[in-house]
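Have a look at the structure below, then the notes.
The values are calculated or read from the model by the stated rules, or taken from the named source; none is laboratory data. For clarity, every value in this text was computed on a predicted model and none was experimentally measured. We place every Cβ from the backbone using ideal geometry, glycine too, and count neighbours over all the protein chains shown.
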Amino acid sequence: MNFGISNDPLVLPVQFSDLSAIVRGGSLFINWSTSSEKNNKGFEVEASADGVHFTTIGSLDSKATNGNSDSVLSYEFSADLAGVAMATSGFIVALLALGALTMSLPRKRKLIFAGLMLTGIVVSAIGCQKKSAEALSDGKNFYIRIAQIDKDGGKSYSKTVRVVNNH
């Protein structure tokens, strides 16, 4: 018998079988399955409004014993659509970047800038959330993919799917 380590790039840590995502009643429902898993720690569910720039909206641990399985395993994930819309709008990144700018200002200007920033953020968040929620709720320009996380921190991705709206 010969034993060895394979460096074959076609040997993936997870073989994805199915992936589907639907919007129903203001919530996002995602289902996927794997036909095999090797050294799999878990999954990150990622959403995108444009199919290019993805944001993690949740995570699940692998169901495989010690991260290894040769049988089909099924996974489910759900999230409130408004929260997904907020995550895909980039709102959190903008908030952190603007907050960092205030660190170098004198105290009096910090208060003025913070007040203006807060007003702008609230107005922007309401507008962006409404626009993103509308785009997400009609099933247009809203995409999902699953990032598989190895025990050593490596990632591989499922195919990207467009979300289906099922009122």
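Just one of the numbered conditions (1) modelled with pLDDT of 85 or more; (2) surrounded by 15 or more Cβ atoms within 10 Å (Cβ to Cβ); (3) in contact with a strand residue (DSSP E or B) (Cβ under 7 Å, 6 or more places away or on another chain) is not true of K38: (3).
The residues of the range 40-79 that are at positive phi and assigned to a loop (DSSP other than H, G, I, E, B) amount to a single one, G51.
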